[in-house]
Every structure is written in C-alpha cells, then in structure tokens.
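The values are calculated or read from the model by the stated rules, or taken from the named source; none is laboratory data. Keep in mind that what you see is a predicted model, and the values were worked out from it rather than measured. A quick note on method: Cβ atoms are made from the backbone with ideal geometry, for glycine too, and the neighbour counts reach across all protein chains shown.
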Amino acid sequence: MVKQNADSSAPYAISVGHSRAAEIAADVLDSGGNAVDAGVAASISLTVLHSEQVQFGGVSPILIYLAESQLVYSIEGAGRWPLAIDRTLFEGKYRGRIPQGILRTVTPACPDAWITALERFGSMSFSELAEPTRILAKDGFPAHQDLVDCTVQFERYYRRYEENTSIWLPNDQTVQLGQVFIQSNLATTLGAMIDADRKAASKNGRMAGLSAVRDIFYKGEIADEMIRHVIQQDGLMTHADLASHKTPIVPATTAAVFGGTAFTCGFWSQGPVLSQSLQILEQFYQENPPEKKPSQHHIFLEAMKLSMADREAYYGDPDFVNVPSEQLLSPAYAAARARQIRIDEAFTALPTAGSFKGFEKPNISTYQKNTASVPALDTSVAIIADKHGNIFASTPSDSSFDSPAVPNLGFVISTRGSQSYVAADHPACLYPGKRPRVSACPFIIRTREGQFIAGGGPGADLQLQTAVQILMNHFVFDQSLLAAVNAPRVFTHSIPASSEPHLSFAGKIVIEDDIPNPVAVKLEESGHKITRETSRGVNRPSICIVKSNDGQYEAIGDPRRDSGQKTKSVSQRTAGR
C-alpha cells in the first residue's frame, strides 16, 4: 500500500487496549498511514503500556482485511519450539509438565509479525511507527490499575528473577497508581531497531530498513543478547532458531455464520472455536427459536463445551497435525452438535469430541483439581479500521512473570510454550519447530448485510467465550453491539485450560455479579456448579470492537477493563452500567 497524503478529517475507528495507544494509532492515520501502519504502531505501544501482559518478544496473531480486494489474511505471529527441544526431558525430570522458566521459551514472534505486515500491507517505516513507543518507554507514563494490580498479584513471581524485579517492581516495591513507570532497557532496544531502520532506509529505501530491523533482532546484536541469556539460564533456543524464524501470511480461516462469514486465525490457535460455537448456536436457535425461552446462558455454555471438546481433540499446528478443518467448520456438523444440547440439563464433564472418517481421535484425559490455579495473565488488543475500509485486528500477548526477562533488553522471550502439552497423543503436544496452540485470537465477521465487526481482547481462554457471547447476543437476540458488550456474562471452566497445568473443573461455571438470582437458580437446577465473581479487574476478560459499514464507523470498549477508543465518524461509545 502507498502512504496517503495527511488528512486529519478522514474517517476511521480505533479500539485498543489503552487510551495512549489509541492516540498513537490516530496520529498515524491522521498523517496518512493506513490501518496496518496504525495497528502496528498501536501494537508496539502496548508492549510498553501493558508490559505486564504483552511482551515485545511475545506473540502477535494478526488478521487484515483489504477493502479493495475484499480478502482477509492471517499473519501467523506465533513462535516455534527450539529444534533442540526433547519431550523426554519434560516426561522425566518434570513429570509431564512444562515448568515456568526458560524451558517454556519459544521463538519471539512479535517483531517479525509486525515487519511482515508492514512489508506486505503497510506504507510507513518501522522508525516512524516505533518512535512514540520508544519515548514512552524512556520517559514513562502514569501507571494504570491493571499494572498496579498485576504487580501486587504476581509480586512473588517477579521476585524470583532479578531483571523482572527491576522492571516490574521498581524501587523494590509494587507499582503505585499514577506513578511514572519507566522501561529504560526496552527503550534502548527500540532505539537500536529504529537506528538500524533509519540507516538502511536512508541508503536503499523503506523495504531495506524493514529488513535491517528484522536482522538486528533475529540475527544481530539483539539476538546475541537473547542467546547469551538463554545459555546462562540453561535454555535450549539457539541462534539458528532465531535466524530461521519466519511469519507465514495465509488466507484467514473462514466459516459460514448467521448468513455471513467469520474470519479467524487457523488451527494453530483456538480461533476457529469462535466459528464452531457460533455455528452450533445458529443451528440450535433455528430449531429452538428464542421465543421458546430456552436459557440463553445455558445454551451458550453447552455450545462452548461442544466446540472446546473438538479443540482438545483436533486443534494443533497444521504443519504437524492433520486437522479435519472442513468437517469441523461444516454447518451440517454444527447441526449434529447442536442436537446434542439438552435444554434443561448440563454436560457435567466435557462432552465427547466429534468423530470423522480417516481422522484419529485421541483419548484426551483432563486434569481436574479442586483448588484454584494461578490465573493466566496475558493479551491486549488493537483493532483499527481506516478510511478505505481496511481492517487490522490483532491480540499481542505474553506474560511478564513466568520466565526471566533478558538483561539489557527489557522483555521476556515468549513463554507461549506453556500452551503446549507434553503427552505425545495430544494434537497440541510440543515438538521441535512446532507452534504451541495459541489462545490469543482476534476475529473479523462480515455480516449478511455486508457490515464488518472486528474484535479481540485479554482473557486467555475466556477471551473467546467473551466474543461468542457478545456475537450471540447481537445475532440471535438482536442486541446492539453496545448492549451486547454491556450484558452480563457466564463462563465455563469444564474445558482444560490452554496454559499449564491445563486444569479443568467439571461442571464449574463463573457468573458475573450482575446475573440475576433467578437466572442463577435456573442454571444450578440444570446442573451447573456456580461461582459468582466480579466483572472487573485485571483477571477478567474484556473486549474491544470496531464496526464498519460503508464508511460509517463505531468503536466500542468494554466497561470491565480500561481501554481506548477513537472514531471520526458516527459514534464513539464505551459500554457502561
């Protein structure tokens, strides 16, 4: 794409994980950049503004809709296991677990995903897009509540590692609300990449600059720092693993939903569960119209269990796993799954996955425990629609507390290996060069009317359940997107968690505190084991959404977590209670 002339009046919509990230994205669009430029700039900024849950060396799944061609691409921003990884290490020494620390490290995916997006679809330089974030990291910003809560909740984890303590426990104490939070080492890292870009671009143009940014990170001095750190920590990643890391660009995975099309990342992520769940709900409500008054929360929970059972049985990196993708996303299969839902009786355990001729279904056993696990904490979101109708949707991610940060660089190398399994018969099992099955999952929906809805957000496995409930409320119950985001939610925990130790709790559901008591009683009568929790806080899932319709834009934030929205069209609204 060619950079356009600056136009501060051009329409757009931005819904991202922090208000400052929204401002950075808006500045890019106002200066003539496109949705991809703005999305990359916002994503980079989130590694500083939300460093507690987004690592510069983490993952960045990206979906891009191009209005001119009407095509949607998936930029598969996920790391791969080092080639030296050996399952027997985890089977023996760690008794089938993938421990916290350097051994769950996979190749850092964010920088290459962003560079790949800019090379193929962007118009601006890395230095133009990263400089505002370098300044943020150098000068600092007022600490927000998520950052404060994270440092309190995970203080003892940070204190295991000297570098993490220095970053996220400045002055050897938890962060205070409003204090200036500075990340000087990450600022230096960004500065080195910006300098490499400018130097190469001044001689040979923008593409040469982007190539130089990739090289300094994956082959140059930044790579050297990472590998020194890995060796010191007895890790397995090598220079060869870094140098060979490449981000695929493929057509997005599609499915027919409610007369339109859902676009997600592929089966290396949990993204297609969104499509499966919506298809099941569509088929169920065709046979059981809402006027019949089946409990919408119960039906949602059962649809999620059915699609998540298939996730556990079949989803894994397609480079290594033969996934029955066409069958899983078939409306006929969804209809068969919908018929398994019992209107007044819950699945007390995870239901059986579907069976497909020619595909082996592994015997998946779930690890159940009656005590709470450490909450997963990762992921933010950047959703941008520009004046041309192009859309960028991404969920950059990775936690800050479960492995040592790299000295002098200011980030943790992706610990996404925690979302693999050790068991060889699981489709998401670890293997040299294989991608973990990533929970972070942006989505784009093209409705039957030709409108676009794009979204994503934090929440580990629950981020997907959040998106499905909102889209169900919108498509089945005719709620506006604003009302659908605002509506109280329920979540099933019968599903094995994507992250170690993959806990599941048979029959357990969490309901938000705004669910009326009669609704809760009916859910209990159906067999659900209820826990009430607050809807707000650093561990609660939330969402950011952009809707575009022939030049009319809407940006929606979730009241459960702070975020940032900007529009230059019809509306800019944040759901409230």
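For this structure, a couple of remarks:
- Tabulated pairs, segment 472-493, first closer than 19 Å to residue 516 by Cα, second basic (Lys, Arg) and in a helix (DSSP H, G or I), C-beta under 8 angstrom, 6+ apart or interchain: 492/305
- Of the residues making up segment 200-218, not a single one is of a type in the set (Lys, Arg), without any contact (Cβ under 8 Å) to a residue 24 or more places away in the chain and closer than 17 Å to residue 410 by Cα.
- Selection status of residue 237, out of contact with any Asp or Glu (no Cβ under 8 Å at 6 or more places or on another chain), in contact (Cβ under 8 Å) with a residue 60 or more places away in the chain, in a loop (DSSP other than H, G, I, E, B) and hydrophobic (A, V, I, L, M, F, W, C): yes
- Residues that are part of a loop (DSSP other than H, G, I, E, B) and either crowded, with 24+ Cβ neighbours inside 10 Å or of a type in the set (D, E, K, R) (or both) within segment 409-421 comprise 410, 411, 412, 414, 415, 420, listed in sequence order.
- Check on residue 494, surrounded by 20 or more Cβ atoms within 10 Å (Cβ to Cβ), closer than 30 Å to residue 96 by Cα, in contact with an Asp or Glu (Cβ under 9 Å, 6 or more places away or on another chain) and polar (S, T, N, Q): no
- Filter result for residue 468 (among the aliphatic types (A, V, I, L, M) and under 17 Å from the mean Cα position of the chain (by Cα)): yes
- Set 69, 74: member being free of Cβ contacts under 8 Å to residues at least 12 places away in the same chain, closer than 26 Å to residue 267 by Cα, not assigned by TED's automatic domain parsing to the domain that holds residue 270 and not in a helix (DSSP H, G or I): 69
- If only residues of segment 311-356 that are touching a strand residue (DSSP E or B) at 6+ places or on another chain (Cβ under 7 Å) and free of Cβ contacts under 8 Å to residues at least 40 places away in the same chain are counted, the one that is surrounded by the fewest Cβ atoms within 10 Å (Cβ to Cβ) is 322.
- Subset of segment 441-467 that is among the small types (Gly, Ala, Ser) and closer than 18 Å to residue 15 by Cβ - its residue that is surrounded by the most Cβ atoms within 10 Å (Cβ to Cβ): 456
- Residue match in segment 39-62 (condition: closer than 13 Å to residue 386 by Cβ and aromatic (Phe, Trp, Tyr)): no
- Hits in segment 422-440 (condition: crowded, with 24+ Cβ neighbours inside 10 Å and either within 20 Å of residue 540 (Cα to Cα) or out of contact with any Lys or Arg (no Cβ under 7 Å at 6 or more places or on another chain) (or both)): 437, 438, 439, 440
- Scanning segment 155-198 for residues that are farther than 19 Å from residue 222 by Cβ and of a type in the set (Lys, Arg) returns 156, 159, 160.
- Condition check for residue 281: under 22 Å from residue 528 (Cα atoms) and buried (at least 20 other Cβ atoms within 10 Å of the Cβ): yes
- Exclusive hit being within 17 Å of residue 306 (Cβ to Cβ) and hydrophobic (A, V, I, L, M, F, W, C), set 510, 490: 490
- For segment 506-516, the criterion of being free of Cβ contacts under 8 Å to residues at least 12 places away in the same chain and either surrounded by fewer than 23 Cβ atoms within 10 Å (Cβ to Cβ) or not in a loop (DSSP other than H, G, I, E, B) (or both) is met by at least one residue.
- Selection from segment 164-190 of residues that are in contact with a Leu (Cβ under 9 Å, 6 or more places away or on another chain), more than 14 Å from residue 149 (Cα to Cα) and in a helix (DSSP H, G or I): 167, 185, 186, 187, 188, 189
- Among the residues of segment 468-484, none qualifies, meaning not one is modelled with pLDDT of 95 or more, within 24 Å of residue 313 (Cβ to Cβ) and part of a loop (DSSP other than H, G, I, E, B).
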